[in-house]
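Colleague: Dropping a structure here in structure tokens format, bear with me for questions.
The values are calculated or read from the model by the stated rules, or taken from the named source; none is laboratory data. Bear in mind the structure is a predicted one, so any value in this text is a computation, not a measurement. Glycine gets a Cβ as well: all are built from the backbone with ideal geometry, and neighbour counts include every protein chain shown.
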Amino acid sequence: MNERVEKIEEIIINEAKGKAENIIAKAKEEAKKILDEAEQEAKKEAEEIINKKKADAEAQARRILSEAKLEARLKILNAKEQLISEAFDTAIEKLKEFSQSTQYKTALENLIKDAAIIIRGGDLEVLLPENTNVNLDLSKIAKEVENQTGVKTSLSISNETIRSIGGVIVRSKDQFLTVDNTFEARLERLREQLRVNVANLLFKT
Amino acid sequence: MANKLIEIISEVETKAKEIISEAEKKAEEIINQAKKEAENIREKVLKDAEIEAEKVWKDILTRAEAEAKKIVEKVEKDIEKLRTEAREQFDEAVKLIMDTITGV
């Protein structure tokens, strides 16, 4: 009888132990799953953090480089602009000296002729800067204008003077037509075209 | 006799229940411990990621700033070269302006 009872006891306890082992094994399995999943999720999240930071940094780096390139381009443009301005400033200084040179007479005659042709000849007067000391052959110029325009032309020096570093204003006697061929006016009119030509010359490469 | 047997079996069953209950308790501890560890792992991995991300950020920006510095330094040299080359044509440029303005 005792043996039978012991056998029953053994069966019940063994069954309980089996169940217990099973519960522990499942718990360990579940624990492993929790750890694996946590690690995977954390790794994924970590990758996202790094990738986002990397993308932000790359965007910031692009901005830094764009700004540097823009700054470089502006510096080059400013340097070019400065050189062009220097060329114009030097030219203006030289133009002031030019009005005292022997070539000035030829220049004035050409400017008078060009202006008179634009007006298409006729009775014209010439306005010069004050203190102009040049002996102009106006009749010769008038003849050349006549030849070009086919219009009888007369040229005379006006009593009126102009404030200019050089050049001339030619106008019809009735003051209906005027061509301003002073150096300043010509510089103003031709500046844009000259800027391009000067830039091409200075910055050939 | 039969009562005695029932009593014994009842005691054994109580013991068996205790074994199972003990196992369940232990299982709960294992899972709770795993959850704690999981949280620790997560914190460590994320902390490492933050450090790594900062390093990546710093590396990329340091490289970009160095490159930007090179660009600006290069442009200073380019400008010097530009000025030198332009100086060679400067008198010609001034002459071009003068000739155009004076019509000579």
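Quick grid of which residues meet (1) under 20 Å from B:Lys95 (Cα atoms); (2) part of a helix (DSSP H, G or I); (3) in the same structural domain as A:Ile169 (by TED's automatic domain parsing):
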{"position": "A:Leu111", "(1), (2), (3)": "yes, yes, yes"}
{"position": "A:Ile118", "(1), (2), (3)": "no, yes, yes"}
{"position": "A:Leu127", "(1), (2), (3)": "no, no, yes"}
{"position": "A:Asn133", "(1), (2), (3)": "no, no, yes"}
{"position": "A:Ser139", "(1), (2), (3)": "no, yes, yes"}
{"position": "A:Ala142", "(1), (2), (3)": "no, yes, yes"}
{"position": "A:Glu146", "(1), (2), (3)": "no, yes, yes"}
{"position": "A:Val151", "(1), (2), (3)": "no, no, yes"}
{"position": "A:Leu155", "(1), (2), (3)": "no, no, yes"}
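Colleague: State all residues of the stretch A:154-205 that are aromatic (Phe, Trp, Tyr) and surrounded by fewer than 19 Cβ atoms within 10 Å (Cβ to Cβ); if no residue qualifies, say none.
Modeller: The answer is A:Phe176, A:Phe203.
Colleague: While we're looking at this one, here's another question. Which condition breaks for A:Lys43 when tested against (1) at the interface with chain B (Cβ under 7 Å from one of its Cβ atoms); (2) farther than 30 Å from B:Lys26 by Cβ?
Modeller: With (1) at the interface with chain B (Cβ under 7 Å from one of its Cβ atoms); (2) farther than 30 Å from B:Lys26 by Cβ applied to A:Lys43, the lone miss is (2).
Colleague: Which of the residues that make up the stretch A:1-30 are closer than 18 Å to B:Gln33 by Cβ, among the aliphatic types (A, V, I, L, M) and more than 8 Å from every other protein chain (Cβ to nearest Cβ)?
Modeller: Selection gives A:Ala25 alone.
Colleague: Continuing with the same structure: Which residues, taken from the stretch B:1-24, are over 13 Å from A:Lys19 (Cα atoms), more than 7 Å from every other protein chain (Cβ to nearest Cβ) and in a helix (DSSP H, G or I)?
Modeller: Those that are over 13 Å from A:Lys19 (Cα atoms), more than 7 Å from every other protein chain (Cβ to nearest Cβ) and in a helix (DSSP H, G or I): B:Ala2, B:Asn3, B:Lys4, B:Ile6, B:Glu7, B:Ser10, B:Glu11, B:Thr14.
Colleague: Mind listing whichever residues of the stretch A:68-88 are more than 7 Å from every other protein chain (Cβ to nearest Cβ) and among the acidic types (Asp, Glu)?
Modeller: Once the filter is applied, which keeps residues that are more than 7 Å from every other protein chain (Cβ to nearest Cβ) and among the acidic types (Asp, Glu), the stretch A:68-88 yields A:Glu81, A:Glu86.
Colleague: From the set of residues in the stretch A:99-123 that are farther than 16 Å from A:Leu136 by Cα and in contact (Cβ under 8 Å) with a residue 60 or more places away in the chain, which is nearest to the chain's Cα centre (by Cα)?
Modeller: A:Ile118
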